[in-house]
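Beneath this line is the structure, given in structure tokens, with notes to follow.
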Amino acid sequence: MRLIHLAGIGGALATIAAGASLARQAQPAPAPVPTLPTVAARANSLLPNMQALFDGYVADGKMPGVVGAFGFGDRPTLFVSAGRISDDADAAQAGPDSLWRVYSMTKPITGMAAMILVEEGKIGLDDPLSKYFPAFAKMRVLTSPDTSLDSVPAKNPITIRELLTHTAGLSYNIIAKGPLLKEYERLGILPGAVNAQMEVQARKARPATLAEFANRVAEAPLIAQPGTKWSYSIGLDVMGAVIEKASGMPFDRFVQVKLLDPLKMTSTFWTVPAGDAGRLSTNYMFVGDKRVPVDPGATSAWLQPPSFPYGGAGLVSSARDYDRFLHMLQDGGTLDGVRVMKPETAALAMSNLMPPGVTFAGLGDGTGGDMSARMGFGAGGSVYLEDGPGDLPSKGTYGWGGAAGTIAWVDPAKKVRGTVMVQYFPSEKWPLRQEVVAALVKDVARFRR
């Protein structure tokens, strides 16, 4: 099964950031943090069109449930939710602490973990990858990536910068074709999970450690000369191996200690604990308009440890937790008085880190809409390099999305952010991104009256 990782939330989602700032300006001065029911009531009163949209999705049978988290400055996050975490009659209500497979929204977290090591001087953006894994010293590049394994020597070494920005010349098992795909499958370069049944087969080929994974990636040819082309890739998975090597700490432990614990992201997991299984949503696949469970929460692949922590698509998280991650980025590396990175590090991470001359043009249908302004790529996520039409989106808006429909973005300039959690393949089945924007714009317009 090939999954389409949706990403680069595009002009439509970034519109939320600019529009939502009006809500931030219109709200009264910050008050003490209210109880959860009060927060929910505020969300329903402030974002009625969003609530109606979510309710409609569920009532029309388009999804079992959906949760949105919208943050305006440092005021309490507004959560909007509807439905349940699965179609099961006894399923829990979807809410801020429900658990969702965020797939490629793992990439920004891995990217920020890498930037912490850059800040600490343990890795450099322009370090060669071979400094950490010598097997990458002599790579080869395919001459016809879709049809042949014929190759020529790489002209330049792969760098850390290129891993973070998908410009290393690496490919992805969800994108590769023909002989290269077969080579990836032979080598077990399959860094991601779908369900428990598919995991049984994948584990037979997949390496058991991140270090072995990285070394196997070095055996496969590249699809382009390093530093010359943007191509969605396993770069953030390899980055996990570099983080592990450079930090002297298991990759998942490093993320836990440096990001999840300081940010109090207590519902973000590589493996969902048995005691939290009741919060885990079911992931679905649409066959026509029929929704079929692919990974039921009760038997999910995420209830067992992965072969190794997948830096590109391995995490389960909640709307509340991911909002805390975005809030930290919004506030320049600090949340609730706890600093996880310097402001300049956060700014660098959300800037265009791509090599000179390389451009990012989105992922076609997977971007959630046509790009409305020039974009680049930062540490694991896309970034707007200029304001869009009417200043929508703002320059500097950073974000990414996941294969099962999840969405995340942050506008550091206007200090607004958004997360949407759903769970189905393919995530472009419904125009969720565009309709979320339309609903939020209507809600924001109410504050102008």
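The values are calculated or read from the model by the stated rules, or taken from the named source; none is laboratory data. A quick note: this is a predicted structure, and the numbers were derived from the prediction, not measured. For neighbour counting, all protein chains shown are included, and Cβ atoms are generated from backbone atoms with ideal geometry for every residue, glycine included.
All of Ala313, Ala319 fail the test of being of a type in the set (A, V, I, L, M) and out of contact with any Gly (no Cβ under 6 Å at 6 or more places or on another chain), apart from Ala319.
Of the residues making up region 436-444, one or more are closer than 25 Å to Ser86 by Cβ and out of contact with any Phe, Trp or Tyr (no Cβ under 6 Å at 6 or more places or on another chain). Within region 416-449, the residues that satisfy the criterion of being part of a loop (DSSP other than H, G, I, E, B), in contact with a strand residue (DSSP E or B) (Cβ under 8 Å, 6 or more places away or on another chain) and more than 29 Å from Met328 (Cβ to Cβ) are Pro426, Lys429.
Among (1) aliphatic (A, V, I, L, M); (2) modelled with pLDDT of 90 or more; (3) surrounded by 22 or more Cβ atoms within 10 Å (Cβ to Cβ), there is one condition Val436 misses while meeting the rest; what is its number? Exception for Val436: condition (2).
Exactly one residue out of Gly227, Gly248 is in contact with a Ser or Thr (Cβ under 8 Å, 6 or more places away or on another chain) and on the phi > 0 side of the Ramachandran plot: that is Gly227. Summed over region 153-180, the residues that are of a type in the set (S, T, N, Q) and touching a Leu at 6+ places or on another chain (Cβ under 7 Å) give a count of 4.
Residues of region 186-216 that are hydrophobic (A, V, I, L, M, F, W, C) and within 19 Å of Gly111 (Cα to Cα): Leu210, Ala211, Phe213, Ala214.
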